[in-house]
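**Q** Got a structure for you, written out below as structure tokens; questions coming shortly.
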Amino acid sequence: MSITPELYDFVVKVVEDKVRDIRVTREEFNRLRKDMDEHFRRLEDAVTKLAEAQKRTEEELKILAEAQRRTEERLNTLAEAQKRTEERLNALAEAQRRTEEAIMRLTVSLDALRVEVSRLSETVGFGLEDIARVVLPGWIYARLGVRVGDLRREFIDVDGREVEVNLYGEGELKGEKVIVVGEVKSRIYGSDVKEFYDNIYVPIARREKVRIVGILFGYLIHPSAKKISEELGLYVVASYE
């Protein structure tokens, strides 16, 4: 059986169409495989990066866990230190309370002692004044030529204030009035002389306008008292004189 030219052309055309379809399909397959390979490569890269990120995350979590552990240890140490501090503060508060109680008792004792000393000072002072009243009139006459009567404790108003004078007496020297004012202390220092001069001698001398004899009488006379009394024109006399 012979093939007609028309049939031959038809067969050739069909075969060429099939071959062309197969080539197109192959090209598409190759392109599809290439795309899939690229997708797989990207997926592998993403999986690799994800694994690396997970690894870093795990490492960071370990570091965080270690930091948290150290923080908890520090907090425990701090809590223990705070506990010890509170115990010390409580002990200090208790010690302070006992100290305040001791100070209060000491204050009460000192107040009582101050009262006793004041009473003793008054007793000694009045006793010394009695000695001064006996000794000083003769001393004043022998040393200064001033005749003076009794020496007494006197309260004198000076410039609106009341001045207490341990020894006060009026006398005369060659027909002129003389006033004797004196301070009695068991121990006499320079500061005592200066205080007597400023607060008693000068105000009375300013008021009376007559000669004033200022005398400090005591058991012990400090050298500073002698020096200042000479500078101020006063006299200091020891009881044994």
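The values are calculated or read from the model by the stated rules, or taken from the named source; none is laboratory data. Only a predicted model underlies this, so the values are computations on that prediction, with no experimental measurement involved. Virtual Cβ from ideal backbone geometry, glycine too; neighbours counted across all protein chains shown.
**Q** Would it be correct to say that R161 is exposed (fewer than 13 other Cβ atoms within 10 Å of the Cβ), in contact with a Leu (Cβ under 6 Å, 6 or more places away or on another chain) and not acidic (D, E)?
**A** On the way: exposed (fewer than 13 other Cβ atoms within 10 Å of the Cβ): yes; in contact with a Leu (Cβ under 6 Å, 6 or more places away or on another chain): no; not acidic (D, E): yes.
No.
**Q** Under the condition of being of a type outside the set (F, W, Y) and at pLDDT below 70, which residue from region 34-66 is nearest to the chain's Cα centre (by Cα)?
**A** Within region 34-66, the first condition is being of a type outside the set (F, W, Y), and the residues that meet it are 34-39, 41-66.
With the extra rule that they be at pLDDT below 70, the set shrinks to 36, 39, 43, 47.
Details: M36: 82, H39: 77, L43: 72, V47: 67 Å.
Taking the candidates together, the pick is V47.
**Q** Filter region 208-241 for residues that are over 18 Å from G171 (Cβ atoms), outside any helix (DSSP H, G or I) and of a type in the set (D, E, K, R) and give the result.
**A** The one that is over 18 Å from G171 (Cβ atoms), outside any helix (DSSP H, G or I) and of a type in the set (D, E, K, R): E241.
**Q** Still on this structure, I have one more. If you go through region 164-202 one residue at a time, how many are over 23 Å from K227 (Cα atoms), in contact with a helix residue (DSSP H, G or I) (Cβ under 9 Å, 6 or more places away or on another chain) and either basic (K, R) or surrounded by fewer than 17 Cβ atoms within 10 Å (Cβ to Cβ) (or both)?
**A** 3
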